[in-house]
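Read-outs: derived from the displayed coordinates by stated rules, not from any lab. Remember, predicted model here, so these are calculated numbers, not experimental data.
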Amino acid sequence: MNSKFHKRLCNKMKYREITIWLVILTVGVLAVSCANTSPYINMRYQPPPPSELLKSKAVFFQFKDNRIDKTVLGPGAKHYFRNFSGYFTLYIAEENMNDEMVGGHNVESLFKKALTTRLETMGVNVININQREAPVLELILEKFYLDYRFKEWVTDISLQVNLIKDKITATDKVSITGIRTKSFGYGNVENFLSEIFSDSLNKLDIAKLFVEVGL
């Protein structure tokens, strides 16, 4: 074999090997940079404007998790939130635009804290002891799921709220499915989930429940 040809062939093979390794390295770096390495998912709850619609009302608040599948993240979302511990950092949006961080929460305390905030903005006093004369407000979680599939982020949140006074029960339900394409950016996934989270809680017609039980 001609020595010059052999040398050119070897150089091409080396160049090809280097190119392949650079592609592999680039893909690896991009995968790591796109992943969220925090053990927490940051959530932001935006309550409605404060009102005195239910001022002087009081409820005992309890939570039920009726999800068939308790997994929050689907396979695609797990790839992005690879270190997720099952806990969320919750921020409550304030009128002065300075969000208040209210610590780490599991699924139950996440929803309880957010809905408690909403009740308090309406003037409701949320009590910790189940007093006989106080109605019971029961939040039932039926779906809370985030996944990335077919180049889309998808989240499902389904809630039911019951207000129980004596033998009367008033009920409201909300179910929201949110979809965002990949092009809207990995960095906005938490904002997207927070938006659907806030909408699902804020669409519960709490005032109607008080009317229906005669309060």
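Converting the Cα gyration tensor eigenvalues of segment 38-212 into ellipsoid dimensions via √(5λ) gives semi-axes, longest first, of 30, 17, 14 Å. Contact order, relative form, for segment 38-212: 27 percent (alpha carbon pairs under 8 Å, 6 or more residues apart, mean separation divided by residue count). With θ taken as phi - 60° and the Karplus curve 6.51 cos²θ - 1.76 cosθ + 1.60 applied, the whole-hertz 3J(HN,Hα) list for segment 61-69 is 9, 9, 10, 10, 9, 9, 5, 5, 10 Hz, x standing for glycine and proline.
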